[in-house]
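Derivation of every value follows stated rules applied to the coordinates shown; laboratory data play no part. Note that the coordinates shown come from a computational prediction; the quantities given were computed from them, not determined experimentally. Reconstructed Cβ throughout: ideal geometry from the backbone, glycine too, with neighbour counts over all protein chains shown.
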Amino acid sequence: MLIDTHTHINAEQFKEDVDATIERAREAGVSPLLVVGFDNETITRALELAETYDDIYAIVGWHPVDAIDCTPADLQRIETLMEHPKMMALGEIGLDYHWDKSPKDVQQRLFRQQIAIAKRTNMPIVIHNREATADVLDILEEEHAEVVGGVFHSYSMSVELLERCLRLNFYISLGGPVTFKNAKVPKEVAKRVPLERLLVETDCPYLTPTPFRGKRNEPAYVTYVAEEIALLRDMPFEDLAEATTANAKRLFRLP
């Protein structure tokens, strides 16, 4: 069994076939699924899915791209939802300097506010980082995020920064890019992450692994991610699956 630790099956792309998508994941040995909500609409949908299916759990937070839209009421909602029995983490949160919608100072303030919520509610954090590595790491250290720990979702940083992330009490999650032919850094990261700190994900509907690149990603395809990592680490697929599943259960306190 594998656990897809980061899905967006609450997105529009799954509106017509979410039930079939979940069933295909189960048939592929992928269960449970963690569904991430990052604005009011997707948070509501993540909760609906978690409350409908026994093997679906929710992670909610406010995405940095939309930081400028986040109100005090939105933050209060997120904090209240941390008490929900099927809520497993706060995220995805962090910084995204690729898009210009939200100024950097607004993103950074919201990031710190959500880390504070995670600490108050004793929840792990799911990190989104795009073109903002130095500031993400600095803020996590300044805010002592190691108290709750968490995961760098879809890890895209260098091999050299792995140790700093691990010292912060964070796990490293890899997705579709590790299967791309010329993705040297993710492949090297896959070899170097301590096995007890490794997670797998799809980030579906995005980052579809080979051999389905160019099509919509879905949770069943996390199998291809795990197979590639097992190959890179020269270990049996079953052992890799067992380890990453145990890691996900430990971090997210899954039943």
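May I ask for log10 I(q)/I(0) of the chain at q = 0.09, 0.11 Å⁻¹, from a Debye sum over the Cα atoms as equal point scatterers with solvent left out? Summing over Cα pairs of the chain leads to -0.34, -0.52. The residue among 71, 132, 185 whose Cα reaches farthest toward the positive pole of the charge dipole of the chain, with charges on the beta-carbon of Lys, Arg, Asp and Glu, is 185. Annotation for segment 120-217: trypsin sites (Lys or Arg not before Pro) lying in DSSP loop with at most 16 further Cβ atoms inside 10 Å of their Cβ are 181, 213, 215, 216.
Here is how the number arises for the chain: DSSP H runs of 4 or more residues each give -39500 (n - 2.57), the sum is divided by the residue count, and the result at 222 nm is -12500 deg cm²/dmol. Among complete DSSP H helices in the chain, those whose alpha-carbon atoms stretch at least 24 Å along the helix's long axis and whose mean Kyte-Doolittle hydropathy reaches -1.0 are 104-121. In the P(r) worked out for segment 172-255, what percent of Cα pairs fall beyond 22 Å? Above the 22 Å cut-off, segment 172-255 has 19 percent of its Cα pairs. What you get for the chain, charging only the Cβ of Lys and Arg (+1) and of Asp and Glu (-1), is a dipole of about 480 debye around the Cα centre.
Loop-located GluC sites (Glu not before Pro) in segment 1-82 (DSSP state not H, G, I, E or B) with no more than 14 neighbouring Cβ atoms inside 10 Å: 16.
For segment 1-68, applying the loop criterion from DSSP together with a ceiling of 13 other beta carbons within 10 Å to the trypsin sites (Lys or Arg not before Pro) yields 15.
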